[in-house]
Amino acid sequence: MSAEKSIVITGGTSGLGYEIMNAFLNAGWNVAICGRRKAEIEKIRSKRNGQLIAEICDIRIESSISIFLNKVKMEYGGIYVLILNAATIGPLPLPKVEELRIEDLRMTFETNFFGNFNFLKYSIPLLKDGGIVVHITSDAATVPYAGWSAYSSSKAAFDAIIRILNVELTERKIQAFSYDPGDMDTEMHHMALPEDRSPLKNPKDVAGKLLDEVMERLERNE
Ligand SMILES: NC(=O)c1ccc[n+]([C@@H]2O[C@H](COP(=O)([O-])OP(=O)(O)OC[C@H]3O[C@@H](n4cnc5c(N)ncnc54)[C@H](OP(=O)(O)O)[C@@H]3O)[C@@H](O)[C@H]2O)c1
């Protein structure tokens, strides 16, 4: 199978990742998603038609990344678009800096920085020239919201990796960029801010916009 039109999404079991999976499947792409929740992965496998790999994979575990990406390589031959979407909100309720425990900060970085980093490192050899890498970031990476120091710093740190990657992969015409989806109606948002009653974006609409952005960038790159 051709690696053209193949997309890998980390964290496809709920929220934005799940909707990105649907958007690209509906557009006829070969899609691969992963997540830790076995029941959700099995539900997705049984419900979705189309070209889909759905596997249990924890991005904090190197062997887990390797097994998942080997399957992608065998079935799709490579990756045209990589969406680094999986993330943790970190310790809850959101602690002030003076209350943030170092182990909770490390745990947040374990997923949002080191997990993403390892997933990216294993993916780079599979990326097709002219492809795209997207890091799902947050406005919290640049706006100082009280209580958000662990999550915000992990997102900001990985944004820096993405900016550098973009420069390093210029010769291969691979674009790497961070994408802020805005506040969305997802499990993560409800866990972080259970009292929040402000209007939230539908992750399905955000996924549609991201699909458009990816397609525009790929066309401009041709
Ligand atoms: N919701 C918002 O308002 C908002 C705003 C700005 C940015 N974002 C960003 O949007 C992205 C998607 O979040 P969401 O709002 O859609 O939340 P969500 O519904 O909680 O989705 C998070 C996804 O990440 C996966 N995940 C978490 N840790 C993982 C790990 N170690 N290995 C593999 N998968 C893992 C989860 O799957 P499993 O539990 O099955 O592992 C789940 O599929 C995140 O990067 C988040 O930071 C969200």
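Every read-out reported here was derived from the displayed coordinates using simple, explicitly stated rules and does not represent laboratory data. Keep in mind the model is a prediction, meaning the values are calculated, not measured. Cβ atoms come from the backbone with ideal geometry, glycine included; neighbour counts cover every protein chain shown.
Listed by first and then second residue, the pairs linking a residue in the stretch 179-197 that is near the ligand (Cβ under 6 Å from one of its atoms) to a residue that is of a type outside the set (Gly, Ala, Ser) and part of a helix (DSSP H, G or I), with Cβ atoms under 7 Å apart and 6 or more places separating them unless they lie on different chains, are PRO181/LEU16; PRO181/VAL206; ASP183/HIS189; MET184/LEU16; MET184/PRO203; MET184/VAL206; THR186/LEU16; THR186/PRO203.
Screening the stretch 138-147 for residues that are touching a residue at least 40 places away in the same chain (Cβ under 8 Å) and more than 8 Å from the ligand (Cβ to nearest atom) and picking the one that is farthest from THR108 (Cα to Cα) gives ALA146.
The set of residues in the stretch 138-151 that are crowded, with 19+ Cβ neighbours inside 10 Å, among the polar types (S, T, N, Q) and in a loop (DSSP other than H, G, I, E, B) contains only SER138. LYS201 passes every criterion in (1) surrounded by 15 or more Cβ atoms within 10 Å (Cβ to Cβ); (2) more than 30 Å from ARG101 (Cβ to Cβ); (3) more than 9 Å from the ligand (Cβ to nearest atom) apart from (3). Counting only strands (runs of 3 or more DSSP E) that sit completely within the stretch 1-65, those holding 2 or more residues that are out of contact with any Lys or Arg (no Cβ under 8 Å at 6 or more places or on another chain) and closer than 13 Å to TYR76 by Cβ correspond to 6-10, 30-35. Just one residue in the set LYS73, LYS43, LYS47 is more than 10 Å from the ligand (Cβ to nearest atom), closer than 18 Å to ILE124 by Cα and surrounded by fewer than 22 Cβ atoms within 10 Å (Cβ to Cβ); that residue is LYS73. Candidates are the residues of the stretch 192-222 that are assigned to a loop (DSSP other than H, G, I, E, B) and in contact with a strand residue (DSSP E or B) (Cβ under 8 Å, 6 or more places away or on another chain); the one that is farthest from THR170 (Cα to Cα) is LEU200. For the stretch 89-137, the set of residues classified as without any contact (Cβ under 8 Å) to a residue 40 or more places away in the chain and not in a helix (DSSP H, G or I) consists of ARG101 only. Within the stretch 122-167, which residues are charged (D, E, K, R), within 21 Å of MET184 (Cβ to Cβ) and out of contact with any Asp or Glu (no Cβ under 8 Å at 6 or more places or on another chain)? LYS155, ASP159 - these are the residues of the stretch 122-167 that are charged (D, E, K, R), within 21 Å of MET184 (Cβ to Cβ) and out of contact with any Asp or Glu (no Cβ under 8 Å at 6 or more places or on another chain). Report the residue count in the stretch 1-21 for those that are more than 13 Å from the ligand (Cβ to nearest atom) and either in contact with a Cys (Cβ under 7 Å, 6 or more places away or on another chain) or farther than 18 Å from LYS71 by Cβ (or both). Total satisfying the criteria: 1.
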